[in-house]
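Read the structure below first, then the notes.
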Amino acid sequence: MPSQKRPKKSENFSEWYTSVLIDSGFVDYSPVSGIIVFRPDSYFAWEKIRDVTDALFKKSGIQNVYFPLFIPEHLLEKEKEHVEGFSPEVAWVTHAGSSKLDERLAVRPTSETIMYDVAAGWIKSWRDLPLRMNQWNNVVRWEFRHPTPFLRSREFLWNEGHTIFATKEEADLERDEILGIYETVLKDYLALPGIKGKKTDNEKFAGAEASYSIEHLMPDGWVIQGPDFHNDGQRFAKAFNISFLGKSGKKEYAYQNTFAISTRELGVMVAVHGDDRGLVLPPKLARVQVVIIPIYNDENKEAVLKYSKSIKESLDSNLRVFVDDNDAYSPGWKFNEWELRGVPIRIEVGEKELKSQTAVIVRRDTLEKKEIAVHSLGNELHKLIDVIHANMYERAKKVLESHIHIVDSYKQLINVIKKEGGIAQAPWCGNYDCERKIKEETGAKISNLPFDAIGKEKGKTCVYCGNEAKHIANFARSY
């Protein structure tokens, strides 16, 4: 049953978010601080994200592999900038039973070092390239003090894409392909819009030459990084001797990329679409897409239950349908419970519907009710699933667009960050000092340099120092 103490989303987003996750049965806390348990609904949603992303990867020629969870310390230290970026987050294994290990083993925070140490031995010639690998796994990052389910979890699930090319040109071409895959998954399955762009050098991935991201807007006006892509250049190749005999007959170092989408997206999905009644799940990610709730008394119970089950049997097997015939709870309790769990469509049937051979369908995204004939129910549900998804995406997109504020002065930027909330899109000179000072003074950092604003910096001056602008940057408070 929904918690009567759960705050409104608009009044206390942080408390609303964690309480709705627990109350709905989407996740649970584990005995380990900062690590959650994925219950069936959340894990089903992640499996769908994983499966569709994996299919798109394979279509593009990427192959799955799996590397160990544990990374010897000497490997983690091979690329200086990379290890410095992750040192505070690493969990270490020091003992096996009562015996101290000869070398500490890092619990995988990311797999570059162990993958490249091994993969270097697979590549001899330019003919062995490109090598495009991916693995689905869990990682552990431990440094932060205030973990939040999905958004900042100490253990999370993701994909690790690791690709190796003979030339920089080939490596660079992969960026738009991979970000396009992630954008498709976000839009077509999670109903989530995002802002694609380049990270600043200060915000890029540790060890990368350039990082790119899809950023999301959260209901509290803050932004959070979604899927990302990194051009690693030859840094790891030189550190791990990933070299090959080129077409010229000379030794050459490879060029590499890395990319990922994680279970953080489930948290963004819950945050963006949920309401004061609970979760609102995109239909393609809902373990139960349609719940049928029989409404009966002692006299008509058998007939109504039979009618309810016959409706389920008449529906396409591709629809995920559940008949809630648990007589321990009232229909009203069940309405609230299934709304809390975010099931996209509810079907109500009672004696009236039995006699008229109809059903009442209720949309979770709008709570609209409609009575339709049973013989047309199957077609109606398939259409409605598409309509619900489209409505959820367009609604989220409108919220995002309405919270992107174009500013030209520092005063306007401060007003957006501290009063209006959302993203202040402003010209920036590209100087780290300005980036740092804005963050120190406002709490806002550059989430990324949006692709769709490239060229708009011409003729403008930096919002902070007044020098010539080299970029349009999105400034916002960030998770």
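The values are calculated or read from the model by the stated rules, or taken from the named source; none is laboratory data. Being a predicted model, the structure only gives us computed values, none of them experimental. A quick note on method: Cβ atoms are made from the backbone with ideal geometry, for glycine too, and the neighbour counts reach across all protein chains shown. Please note that ligands, DNA and RNA were not included when accessible areas were found on the heavy atoms of the full protein model with its side chains. Shrake-Rupley method; radii C 1.70, N 1.55, O 1.52, S 1.80 Å.
Restricting attention to the range 443-469, which residues are in a loop (DSSP other than H, G, I, E, B) and in contact with an Asp or Glu (Cβ under 6 Å, 6 or more places away or on another chain)?
Answer for the range 443-469, where residues must be in a loop (DSSP other than H, G, I, E, B) and in contact with an Asp or Glu (Cβ under 6 Å, 6 or more places away or on another chain): just Ala469.
Does any residue in the range 314-329 that is of a type outside the set (Lys, Arg) come within less than 8 Å, Cβ to Cβ, of a residue that is part of a loop (DSSP other than H, G, I, E, B) six or more places away or on a different chain, and which pairs are these?
Leu319/Gln289; Val321/Val288; Val321/Gln289; Val321/Leu315; Phe322/Val288
Is one or more of the residues making up the range 155-169 at negative phi and in a helix (DSSP H, G or I)?
Yes: the range 155-169 contains one or more residues that are at negative phi and in a helix (DSSP H, G or I).
Please give the number of the condition Arg145 fails out of (1) out of contact with any strand residue (DSSP E or B) (no Cβ under 9 Å at 6 or more places or on another chain); (2) without any contact (Cβ under 8 Å) to a residue 24 or more places away in the chain; (3) surrounded by 20 or more Cβ atoms within 10 Å (Cβ to Cβ).
Result: Arg145 fails condition (3) only.
Take the range 227-277 and flag every residue that is open to solvent by 10 Å² or more (accessible area, probe 1.4 Å) and closer than 30 Å to Trp338 by Cα.
Ser262, Arg264, Val272, His273, Asp275, Asp276, Arg277
If Ser447 meets every condition in (1) within 30 Å of Trp333 (Cβ to Cβ); (2) within 31 Å of the chain's Cα centre (by Cα); (3) open to solvent by less than 10 Å² (accessible area, probe 1.4 Å); (4) of a type outside the set (A, V, I, L, M, F, W, C) apart from one, which number is that one?
(1)
Scanning for something over 30 Å from Ile35 (Cα atoms), touching a strand residue (DSSP E or B) at 6+ places or on another chain (Cβ under 6 Å) and outside any strand (DSSP E or B), does the range 245-262 turn up at least one residue?
Checking the range 245-262: at least one residue is over 30 Å from Ile35 (Cα atoms), touching a strand residue (DSSP E or B) at 6+ places or on another chain (Cβ under 6 Å) and outside any strand (DSSP E or B).
If I filter the range 313-335 for residues that are closer than 24 Å to Arg6 by Cα, under 31 Å from the mean Cα position of the chain (by Cα) and surrounded by 14 or more Cβ atoms within 10 Å (Cβ to Cβ), do I get at least one hit?
yes
Considering only the range 10-111, give the strands (runs of 3 or more DSSP E) lying wholly within it that have at least 1 residues that are in contact (Cβ under 8 Å) with a residue 24 or more places away in the chain and surrounded by 19 or more Cβ atoms within 10 Å (Cβ to Cβ).
Here the list reads 27-29, 36-38, 70-72, 99-107.
Taking the range 353-370, which residues are surrounded by 12 or more Cβ atoms within 10 Å (Cβ to Cβ), over 22 Å from Arg277 (Cβ atoms) and of a type in the set (D, E, K, R)?
Within the range 353-370, just Glu353 meets the criteria.
Give the number of residues within the range 151-202 that are of a type in the set (S, T, N, Q), open to solvent by 10 Å² or more (accessible area, probe 1.4 Å) and in contact with a Leu (Cβ under 8 Å, 6 or more places away or on another chain).
Count: 1.
Any chance you could count how many residues in the range 450-462 are without any contact (Cβ under 8 Å) to a residue 40 or more places away in the chain and open to solvent by 10 Å² or more (accessible area, probe 1.4 Å)?
Within the range 450-462, residues that are without any contact (Cβ under 8 Å) to a residue 40 or more places away in the chain and open to solvent by 10 Å² or more (accessible area, probe 1.4 Å) number 7.
For Val416, indicate whether it is in a loop (DSSP other than H, G, I, E, B), open to solvent by less than 20 Å² (accessible area, probe 1.4 Å) and not acidic (Asp, Glu).
Criteria not met by Val416.
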